[in-house]
Amino acid sequence: MLMTLCPKTAKAQLVLLVQVDFKNQFSRTRTVHKNLNPIWNQKLLFHFDKNPKPPPPIHREIPVVYNERRAISGINFLGRVRIPCSDIVKKGEEVYIKLSNLKIKWFSSFVKRPEGVPLTMHQQVSPQGHHPSQDYELKDTNPQLGERWPARGGGYGGRGWMSGGERFTTTYDLVEQMFYLYARVVKAKDLPLSSITGSCDPYAEVKLGNYKGRTKHFEKKMNPEWNLVFAFSKDRVQSSVLEVFVKDKEMVGRDDYIGRVVFDLNEVPTRVPPDSPLAPQWYKLEERHGGGKVKGEIMLAVWMGTQADEAFADSWHADAAFVQGEGVSSIRSKVYISPKLWYLRVNVIEAQDVVPNDKSRMPEAFVKAQVGNQVLRTKICPTPTMNPLWNEDLVFVAAEPFEVQLVLTIEDRVHPSKDDVLGRISLPLHIFEKRLDHRPVHSSWFNLERFGFGVLEADGRKELKFSSRIHVRACLEGGYHVLDESTMYISDQRPTTQQLWKQSVGLLEVGILGAQGLLPMKMKDGRGSTDAYVVAKYGQKWVRTRTILNAFGPKWNEQYTWEVYDPCTVITLGVFDNCHLGVFEKKPGASTTRDSRIGKVRIRLSTLEANRIYTHSYPLLVLHPSGVRKMGELQLAIRFTSLSLAHMIFIYGHPLLPKMHYLHPFTVNQVENLRYQAMNIVAVRLGRAEPPLRKEVVEYMLDVDSHMWSMRRSKANFFRVMSLISVVISMSRWLGDVCHWKNPVTSVLVHILFLILIWYPELILPTLFLYMFVIGLWNYRFRPRHPPHMDTKLSWAEAVHPDELDEEFDTFPSSRPNDAVRMRYDRLRSVAGRIQSVVGDLATQGERFESLLSWRDPRATSLFIVFCFCAAVFLYVTPVKVAALVTGLHMLRHPRFRSKLPSVPSNFFKRLPARTDSLL
C-alpha cells in the first residue's frame, strides 16, 4: 500500500510528525519544526499480502499525529484516527479524505462508506495534489437571524427567566440573538468600619458560578460609587443564583467580608429594547450564610437582555476576566470617525527684497513649504535675482481641527549640498479661505522674519530697516474628495464640504456574526491562542467589534449601519488578532507588539441586490512568505436597502468623483503622494482614540502597500488583460472558421445574415442592439448569486514562486544580499523586455498608419493616394450596397479560392516604414 500525506492544516505546535500503523507495520514521516500548519507531502510504503482467501476485516490506524519535544524523551500523543476499509486497489484510483484537520491521500477505492467515517467527510479525486478549490470559495450559511423572545415561562432552564410574548425587532435583525445576564453595581452607603483598622476600603464582587468580577476599591470611603455593569453570557451560566458581595480591601492577609445580596435567576426580569433602562434599587446587605441583615446597603439592578442592550458595549464581560489595566479598553467594541480632511493648495507666486547672506552674489532662491510632516519645495528661480518669481502650486493634506501650521521658508542654493535660509514665516491654517469651487482666491503678501533675528540676534532686530516679503495665494479646497484609500476600493466620493453633499441613496447594514476555523496566532501558556476582532470601514465610519478571547470560532453577533451615497463603492472588513492584552508571551527581541492580520473581505455594494439579505461565509486569505494561507472563514449577513430607485439610476450617469477632480485634476504622482499623506494622518488620529485603532490596522485596511512592485500582481494583471484579449481572439478565430468553411452550416447562415443586412442596411444597428438584448436576457439565468470574494487563482497566489514571494515581502529599499537583488533585477529586466517588445510592436503599427500619408516612403505614399483616388471614384459611381456586398463576399469566400500567402494589403502595410529606424 502507498500513502501520501498532502498539504493541509493540522493544529499542533512545536515539532510535529505523523506515525502510521498498518498491520503492525510502523512508519513515520519526517518532523516539521515550529509550524502550526505542517505540510509533509510524503509517501509511506507498506507490505500488503494479496491473499486469495477472503481477508479478515482490516483496520488501518491512520494517522497518528505526535508532538516531538527535544527536551523530553519520547513524544507527546496529540490524536489518532482509525479508518476501517474493505478493499484496496492499485495505484491510480486515489481519493482524498479530509479527516478533522488532517488530509490524507489513499490509493484505494471505497466500495461503501467505511464504518466510523462520517457522512460529512470530504472526498474528492484530485490527482494533482493541490488544495481543493472549494476551500477558498464562498459558502452559503443559514444562521438564525433576528431577535426572538420566548413566550412567558420558557426562560432559564425551562423555568421562565425571560418574560413577555414572542417579539421580533429590526434593531438587530441581521445577527443571531445572544442573551446576557446584566448586573449594574451603582453605589453603597452606610458601610461599617473595620474593627481592626478602624476604616473601610470597600469594593464589590459579582459572582455567578465560577465567574467573578470586581470593582475597584476606594480607600477610607463609607459611601463608594462604582457605576459598573457586569455581563455574563447565558451560554456559560453555571449557577441558578447571582451573588453580589461587598468586601473590605486589606493590604495584608485576607479581605474582610461585609455583606452580600443574592438574586434567584428565575426571578430576574427581562429588558427588551427600546424599553427604558431598569431602575436600580437599594438592597440591604445580608450575612454570608443568610443569618440576618448587616449594616449597609448597596444599589443594584439585575436584568436579562441581549447584545442590543445599551449597557453591552461598556460592560465588564466574564469572558475577559483575566484582562486587566489598559487591556480592558482594547477588547470593547467601538465606533470611530475619520478626521475631516482638506486639501491645502498653496500657490507660491513671488518674493521681494530677498537679501542673500553673501552680498557679492544674487540669490538662487526657492521656497520650502511644510505642513506637519509634509515638506514640498518649488523649483529654483531660473534667474538669480532678489525678486524671484515661481508661480507654483504646492498641495498638502490637512485635518480638522487644524493642529499644525504652514511654514514657508525662502532658501538660497549656495552649493549643491548647502542651502542658506533667508527668511521664514509660520501661518495658522484657519486663516485661509475655504473654497467650494474653482473660483479665484485673493492673494496676500506676508512679511518674512529674517532667519536668526528674534532667536539668536534679538538686538539686531532694531537694525532691520525692511523685511523680505512673499506673495502667496492659499486656500482650503472643499470641492475635492481627499483620497485616503485606493480608487479601486473607494468607499466614499463625497467632497470635503458638507454643503456639496447629495442625499443618500440607501442604507448598508452589516451583521458580523462570527468566524470559523481560525488558526493560532500566538502562544499562551505553551499553547496556540487567538483573540480575534473585526474592523469594518465604509466612508468616514470605522467600527471595531469586541475582542473574543482565546477562541478559534468566535461569535460576535454585532450589527452596524452606514448611509450609502453611491452604490459603486466598497466596504472593507478585516479580521485581526489582539496582541495588546498584556498577558501573552512576547517573542524574544520583539520591540513593539503589532496586531496580527488574519484576513480581509471586500464587498462592492453594486453587486448586491436591493433589500435582500446575504448570509455567506467568506474565506480569510493572507499571503505569507511561504505562500497563500487560509486563516479561517468570516460569517457575515449583509443587506443593502435602496431608498430611491430613480435617484440610484441618476447616480450612474454622474462622475465618480466631485467635479473639481476633473476641472483641476491632480497628476498621478500627486494623487499617490497625497493619498499616502492622508493615510498617515488618519492613522495618527485614530491611533489617539481610546481604545486606539492602531496604525498597522489602518494601513492594512487602506492598502498602504498596493503601489509596491510585485511579480505576482504583474502576472495577475497580465493574465487579466489576456483574458479580455482572448475574447477578441476567439471572435476572430470564429470568423476565420466561418471564412474557411470549417462548419458549412454556420457559414451559410452567416452568408444569409450578411446578404439581409446588405439589402437592408437600416437593420444593422437594430440587429446589433437586439442581439445584445437577447444575450443579456440569456445570461440572466447565469447571473452571479454571491458577492465577489478573494480569488487565489485570479491573484496568482497558488502558483507563485517562493522567491517572488520573498521579493514581495522584502523591505524598500531592499534588505536582501546583493546576489539576490541582482538576480531579481535581471528577472525584472527580462519581464520588462517582453513588455517593451509588446509596447514597441503597438507603436510600430501606429507609426505605419501615420506613414501612409507622410511621404516617408514616397513610393508607398504614391501608391496609397492613387488607390484612394480610384476607391473614391469607384465608390462614387457604385452603390454602397454593391461595394459592401463585394467586400463581404470576398472575405467569406471558400478556401479553394484562397491563397496560402498573405494578402496584398497585409504585405503593403508591413512594408511601410516606422520610427524604429531612428532608435538607438
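The values are calculated or read from the model by the stated rules, or taken from the named source; none is laboratory data. Given the structure is predicted, the values throughout are model-derived calculations rather than measurements. In this analysis, Cβ positions are derived from the backbone assuming ideal geometry, glycine residues included, and neighbour counts consider all displayed protein chains. Accessible surface is based on the protein model in full, side chains and every heavy atom, while ligands, DNA and RNA are left aside. Shrake-Rupley method; radii C 1.70, N 1.55, O 1.52, S 1.80 Å.
Multiplying the residue separation of Glu267 and Arg816 by 0.36 nm and subtracting their alpha-carbon distance yields 190.9 nm. Each label was represented as a point 7 Å from its Cα along the Cα-to-Cβ direction; for Leu753 and Asp314 these points are 6.9 nm apart. Extending 7 Å from Cα along the Cβ direction at Val873 and again at Lys340 yields two label points whose distance is 7.5 nm. What separates the Cα centres of the range 672-748 and the range 532-572 is a distance of 24 Å. Expressed as a whole percent, the accessible surface of the range 347-412 that belongs to carbon and sulfur atoms is 48, based on a 1.4 Å probe.
Segment Leu777..Asn41, full-extension length gain: 260.2 nm, with 0.36 nm per residue of separation and the alpha-carbon distance subtracted.
Taking Cα centre as origin and charging only the Cβ of basic (Lys, Arg, +1) and acidic (Asp, Glu, -1) residues, the dipole magnitude of the range 559-713 rounds to 260 debye. Using 0.36 nm per residue and subtracting the Cα-Cα separation, the extra length available between Tyr676 and Thr383 on full extension is 102.1 nm. Once you reduce the range 474-516 and the range 754-817 to the center of their Cα atoms, the two points are 27 Å from each other. Taking the protein heavy atoms of the range 641-761 in the context of the full set of protein chains, the accessible area attributed to carbon and sulfur is 68 percent at 1.4 Å. Pairs from the list Lys742/Lys900; Lys189/Lys334; Lys555/Lys600 with a Cα-Cα gap above 24 Å: Lys189/Lys334.
For Asp190 and Thr487, a Förster radius of 41 Å and the Cβ-Cβ distance give a FRET efficiency of 0.05, rounded to the nearest 0.05. Nonpolar atom fraction for the range 484-639, defined as the carbon and sulfur part of the 1.4 Å probe accessible area, stands at 47 percent. Once R0 is set to 30 Å, what does the formula 1/(1 + (r/R0)^6) return for the Cβ-Cβ distance between Ile764 and Asp791, expressed as a FRET efficiency to the nearest 0.05? Taking R0 as 30 Å, the efficiency between Ile764 and Asp791 is 0.20.
Solvent-accessible surface of the range 777-920, averaged per residue with a 1.4 angstrom probe and all protein chains in place: 80 square angstrom.
Take the Cβ atoms of Ser730 and Ser444, set R0 to 60 Å, and the FRET efficiency comes out at 0.45.
With the simple model of a label 7 Å out from the Cα in the direction of the Cβ, Leu842 to Ala279 spans 7.5 nm. Sorting 499-508, 738-747, 338-347, 207-216 by their mean Cβ neighbour count within 10 Å, with the most densely packed peptide first, gives 338-347, 207-216, 499-508, 738-747.
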